[in-house]
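Okay, so here's the structure we're looking at.
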Amino acid sequence: WGYAFYPSEVGVRHPHLDFDLLGREVAAARKLGMSPVCYYSLQFNNQCVLKHPDWGWVNEKGEQQKLRWYMTCLDGPYRDYVLGMMEEIFSRYPIDELFLDIFGIQFHLFHSSGRNPFCFCEHTERAWNQEHPGDAYSNGFEEREGWQRRYQWHQARTMGKMLDQVIGAARRHRPEV
């Protein structure tokens, strides 16, 4: 739900932890000859959206999107927040794998259920408009070509490029990950 299970300078530490749970788990796994895997919920993060409402995924009406938990948008400051946590995790813990959960959920769950898979927050609009001068983000959804262009841009930006950045953070500290 957005809590870190280790002492974090970037994230919100779980309020009921007074020790480094992730560190203990990684150490125990290593001692037993196991390959530690770290879990990270990418786009469900109540802590961030409640503290920074502008980091949330919003629909075309400007309403926060929530499935069971609040969804975040990877076009704004939340992206840097995630990458900061990736730097912390991979620089501190000898983990071998990362389970990046809730990644691109809007493209599957939203789209397959007839919901709009696009975020309409200020960060998304600004990112699109900077990369596509003269083609305002909010004006391109009426025609199939404009819709398709925005869909492909979202997938490339919030999935492909984001994954490249996460892998880059991991490999800076753990090249074998």
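Carbon-plus-sulfur accessible fraction, the range 13-147 (probe radius 1.4 Å, protein heavy atoms only): 51%.
Given N residues in the chain, what is its alpha carbon radius of gyration divided by 2.2 N^0.38 Å? Kindly include the intermediate steps, with their values, before the conclusion.
Details: Rg = 17.7 Å, N = 177, 2.2 N^0.38 = 15.7 Å.
Ratio of Cα Rg to 2.2 N^0.38 Å: 1.12.
Give the residue from Ser35, Ala136, Cys121 lying farthest towards the positive end of the charge dipole for the chain; charges sit on Cβ (+1 for Lys and Arg, -1 for Asp and Glu) and the dipole is referred to the Cα centre. Working it through, the farthest residue towards the positive pole turns out to be Ser35.
Rounded to the nearest 10 degrees, the angle from helix 122-131 to the longest Cα principal axis of the chain is 70 degrees. Note that the range 84-90 has calculated 3J(HN,Hα) couplings of x, 5, 4, 4, 4, 4, 6 Hz, one per residue in order, obtained from phi through the Karplus relation 6.51 cos²θ - 1.76 cosθ + 1.60 (θ = phi - 60°); glycine and proline are x. Compared with the dominant principal axis of the Cα atoms in the chain, helix 162-173 is inclined by about 20°.
Applied to the range 105-119, the Karplus parametrisation 6.51 cos²θ - 1.76 cosθ + 1.60 on θ = phi - 60° returns per-residue 3J(HN,Hα) values of 4, 5, 6, 9, 5, 5, 4, 5, 9, x, 8, 5, x, 9, 8 Hz, with x for Gly and Pro. Residue-wise HN-Hα couplings along the range 70-81, as the Karplus relation 6.51 cos²θ - 1.76 cosθ + 1.60 with θ = phi - 60° gives them from phi, are 5, 9, 9, 9, 8, 9, x, x, 4, 4, 5, 4 Hz; Gly and Pro carry x. Computed about the Cα centre, the dipole magnitude for the chain is approximately 400 debye when only Lys and Arg (+1) and Asp and Glu (-1) carry charge, each at its Cβ. Distances between placed amide hydrogens fall under 5 Å for Val12 paired with Ala4, all partners being 5 or more residues away or on another chain.
Scattering from the range 72-156 was approximated by placing one identical point on each alpha carbon and applying the Debye formula without solvent; log10 I(q)/I(0) at 0.17, 0.25, 0.26 1/Å stands at -0.81, -1.30, -1.36.
When the surface is traced with a 1.4 Å probe over the full set of protein chains, Phe19 keeps roughly 60 Å² accessible.
Convex hull volume of the C-alpha atoms in the range 1-86, normalised per residue: 107 Å³. Surface analysis of the chain yields an accessible area of 54 Å² per residue, using protein heavy atoms and a 1.4 Å probe.
The values are calculated or read from the model by the stated rules, or taken from the named source; none is laboratory data. Remember, it's a predicted structure, so these values are computed and weren't measured experimentally. Here the Cβ is made from the backbone with ideal geometry for all residues, glycine too, and neighbour counts use every protein chain on show. Remember, those area values only see protein heavy atoms, side chains included, never the ligands or the DNA or RNA. Shrake-Rupley method; radii C 1.70, N 1.55, O 1.52, S 1.80 Å.
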